[in-house]
1. Please compute the net charge surrounding Val823, taking Lys and Arg as +1 and Asp and Glu as -1 over other residues with Cβ under 10 Å from its Cβ.
2. Take each of the peptides 198-204, 273-279, 431-437, 831-837, average the number of other beta-carbon atoms within 10 Å over its residues, and list them starting from the highest.
3. With a 1.4 Å probe and every protein chain left in place, work out the accessible area per residue of region 213-320 in Å², rounded to a whole number.
4. Among 1175-1186, 127-138, what's the highest-first ranking by average C-beta atoms within 10 angstrom per residue?
5. Considering the convex hull of the alpha carbon atoms of region 152-246, report its projected area averaged over all viewing directions, in nm², one decimal.
6. If you take the charge dipole of region 148-230 about its Cα centre, with +1 on Lys and Arg Cβ and -1 on Asp and Glu Cβ, which of Tyr180, Ser159, Tyr225 is farthest toward its positive end?
7. Evaluate region 254-402: find the radius of gyration of its Cα atoms, find its Kirkwood radius, and give the ratio Rg to Rh.
8. Which one, Cys987, Met952, Asn972, projects farthest toward the positive side of the charge dipole computed for region 919-998 from Cβ point charges (K/R +1, D/E -1)?
Amino acid sequence: MKSCGVSLTTAAVAFGDEAKKMAAGKASREGEEEPLSLTVEEREALGDMDSRLFGFVRLHEDGARTKTLLGKAVRCYESLILKAEGKVESDFFCQLGHFNLLLEDYSKALSAYQRYYSLQADYWKNAAFLYGLGLVYFYYNAFHWAIKAFQDVLYVDPSFCRAKEIHLRLGLMFKVNTDYKSSLKHFQLALIDCNPCTLSSAEIQFHIAHLYETQRKYHSAKEAYEQLLQTENLPAQVKATVLQQLGWMHHNMDLVGDKATKESYAIPYLQKSLEADPNSGQSWYFLGRCYSSIGKVQDAFVSYRQSIDKSEASADTWCSIGVLYQQQNQPMDALQAYICAVQLDHGHAAAWMDLGTLYESCNQPQDAIKCYLNAARSKRCSNTSTLAARIKFLQNGSDNWNGGQSLSHHPVQQVYSLCLTPQKLQHLEQLRANRDNLNPAQKHQLEQLESQFVLMQQMRHKEVAQGLHKSQSSCLSGPNEEQPLFSTGSAQYHQATSTGIKKSNEHLTLPSNSVPQGDADSHLSSHTATSGGQQGIMFTKESKPSKNRSLVPETSRHTGDPSNGCADVKGLSNHVHQLIADAVSSPNHGDSPNLLIADNPQLSALLIGKANGNVGTGTCDKVNNIHPAVHTKTDHSVASSPSSAISTATPSPKSTEQRSINSVTSLNSPHSGLHTVNGEGLGNSQSSTKVDLPLVSHRSTSQIIPSMSVSICPSSTEVLKACRNPGKNGLSNSCILLDKCPPPRPPTSPYPPLPKDKLNPPTPSIYLENKRDAFFPPLHQFCTNPKNPVTVIRGLAGALKLDLGLFSTKTLVEANNEHIVEVRTQLLQPADENWDPTGTKKIWRCESNRSHTTIAKYAQYQASSFQESLREENEKRTQHKDHSDNESTSSENSGRRRKGPFKTIKFGTNIDLSDNKKWKLQLHELTKLPAFARVVSAGNLLSHVGHTILGMNTVQLYMKVPGSRTPGHQENNNFCSVNINIGPGDCEWFVVPEDYWGVLNDFCEKNNLNFLMSSWWPNLEDLYEANVPVYRFIQRPGDLVWINAGTVHWVQAVGWCNNIAWNVGPLTACQYKLAVERYEWNKLKSVKSPVPMVHLSWNMARNIKVSDPKLFEMIKYCLLKILKQCQTLREALVAAGKEVIWHGRTNDEPAHYCSICEVEVFNLLFVTNESNTQKTYIVHCQDCARKTSRSLENFVVLEQYKIEDLIQVYDQFTLALSLSSSS
């Protein structure tokens, strides 16, 4: 295996020269160690080692020789770098990063990679470097940066040999980030890949099933789990995990009926899970929950005891035990169980609430108040308003409390007094020493002290290894079966802790009385799912050969999500890691971790670089970040100590406040020997290592559109001649603009920033008085001018005498009342604000539920909504209040509306009007528009696609009630759009120029949203703070809004109205450039481009005479690269003995996309033999076809264009001397 982009030739020569110099001076350096050097054989062996071997090379047992060689290589490289004072070729640092990565020395690997980045201008060409960098970021849970690095690898080299590993990790990270659609896509891409992977297909299928469960798609999850159980030779641990998930789902969800029926399914599943893995503490805990739910208290206690014995003590388990004791009227035992729970997890809101309820029932309101306050302070408390009301009630009425049972021996203050003083510790040792001679009272005291000592040890252990052992979830369900979150700790724990827990539990006796009828599982308090956040995923990893290595997540947990049972998988490996990683927030949301090797400050300085002066020991220099298109500053570090930063990844206080995210650690470390369970492991080997977040400097990125220093003049003969020596699998890069172009980056915010008084610019508006004004050429020029992000053409309908009544609700119902309408259920909110459903904070996320109805039914809803509003207005008018009172009331109501509860509304969207037979009158009316704004015209690029793209080169209708929202977006492939308000109500628009879309993309990432795929509604305060200008205006009936190429916009209906819209592609260089840039950005982000730009470019070359030199150069260059790609790939296939079958194209045949990864496939279609036989022609791109079948034996290759035809189009496409007259 040749190292990607890195050669050891220079290193070998350098090592030889250095060795000679050292030998020459050896006599004068008696007593010094013999200089390090690598033999020829060692250099050859190292030449095959880079990041692609991570997870596939064994460094333990019989792999010790490889580990020794890598260690020696690292020492040699570091020695050489020191001798040369850092003045070595950049490849040295890249290779050094690879070696350290394989040795799992992630801090040194990152430092070396950063140095390589700073020295190598075209670092992005080195896929192995990007992959290694992504693995390091992944290890540190810097998911934002890991995603960028992995996406860059797939962009520059789609056929990368570790693409399956990348898709697997991307699936896991997107799952953590709640981008479930992207997560599913990458898991599926990993599943179809036949290349080796650190996970088996069964484990990837488990991730997909669990993803459905996380999304609350329980029936899909159940089906996927059950299908997985049918797999032959399913590993026992995977089987146990699947059964555990099924059992917990049946317990929580209404999949099969009432409670008794649910438990009749859940309990057998959990029992079967325990048969497969009897040591699963989590399965025992779930089984206890099920028994408790149906009143089998004795069985529940036995299961909870087993859970404690099989795994580390869990706050959830102790909380559940407390609830059972409380229900059995054993308040003292319940108190002790709750104290255990809050000692193990001080933020366990459910335990605090239950403890407060216990104190309330025992007439101790002051202690109850303190417990409720602790619960309210927890970040996982979801019902703070209810708690606040309860606290207020107790504070006002506590003086009247008297009588009843009291827990005076255990007030809430004593919850914290369980930590033993030195005197108590000394007394404990004395009692232990005389254990055999103690009287009953002393034995009881010893038992209590030992129990407290165990809890104290657990707390200290949790502080040392917070990321390994912290429980992140709550306990039991509320009265309405709203299930909370659960966690399972590491399987590795201090022996003293586990034995101590057993001792502390020995004094707890099972209640003798039976459970009364009712839900014994419900909390006595009113809490529901009070704990939130996301629990770290637990992964397991084998230390045997990596091809058989297995990994299954314990579970991702989300606030208020009852679905995700913890899938604890033990036995797959010799060690278990669980990290609660900090949410790395960048850009402005996540800076690349920068590490200094403080045990060798000189080498550290050389690796990091000295751009800002000397680097002192333990300090952090300002370095170039790997992903340069971001300006960020940070004021906190990832961790304050090596053990927390490297071994346990303890979150910083700031990041913990943001959120806890799932860890995917075992993919980071395939070897168990470098970590220990006490949080030191790798940290010990780097005792002085510090992790800091650097300031990120900006390196300008290359433009997607090439400079014209590259010739676009070669004839087709010259192009074909250059293709005679095809590379591996043909062309490895399908970028349509450059042979090897850097991954696209969002634009940075324009500089200098606008002053604050320029952030609300006036909207460009044109007022039309007659038809002549509408067809005046400067109107077209004004709208398409890139300086005008939006243009409002007022009075268009009146000037052109458009019959807008053809698009009214009444006419639509009469024309096609059963036509399908997509419905989005939304919350009615003020146009300039977006609150979370509880009305407590402003957010960017703007979710809506999707359904379908008919035009007739939506028209009925639209009318009834209007009538209801009229009734409300009439009721207000009949109120006998003066004008000032009315204003006051209105203001108060407005304030309440902003903070919920919000009214639910329905928005009828994406109504297809493409059928000319159904909508002939409506579509004909639109031909009255000027040519540049028509749906079809010769000057519209979308009219040359050659097939229908719904909603783009066809008309779509929108039916609205007040508050209906179209969330923030750019148009597909950055094309322009036309929107006409039919009326009778108005719409309010918000518009941001194209130059600022990178800023909005950053805000989306900061708010855990996908800019391209998620629904988001910008917070205007955030935009103004970032100096982003926002155009804001009202669109009245008959007004046409022209959205220019790339403009970001979002819209809300002010009244009841209908709108029609479509896209237009002006024949300009700006439009084509932005469309291609978005095509490439979509490819990077694994998003399908609705406009097939390659197909469109060839059609433009056939159909259009272009006189704009810039536009011509870009189109010609695209043709050049695609022609080269087609010929190179074709010759590679023929040379490999693969037949290319002529297939041709039919009229109006759509462009083709890969059915797997959704990239455009032009000319050469890879179709499975079965699909070809059945004539279904399910298309694959070359890369996906080879991942499915390496030698393509299961595929046929169909050719749609003769190479001679493409050559003719290419040669005949020349720059026209003058513009054709517009139609």
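1. +3
2. 198-204, 273-279, 831-837, 431-437
3. 37
4. Highest-to-lowest ranking by the protection proxy: 127-138, 1175-1186.
5. Result: 6.2 nm².
6. Of the candidates, Tyr180 comes out farthest on the positive side.
7. On the Cα set of region 254-402, Rg over Rh gives 1.04.
8. Met952
The values are calculated or read from the model by the stated rules, or taken from the named source; none is laboratory data. Here the structure is a predicted model, which is why all the values come from computation and not from measurement. Glycine gets a Cβ as well: all are built from the backbone with ideal geometry, and neighbour counts include every protein chain shown. Ligands, DNA and RNA are stripped out before the accessible areas are found, and what is left, the full protein with its side chains, is counted by its heavy atoms. Shrake-Rupley method; radii C 1.70, N 1.55, O 1.52, S 1.80 Å.
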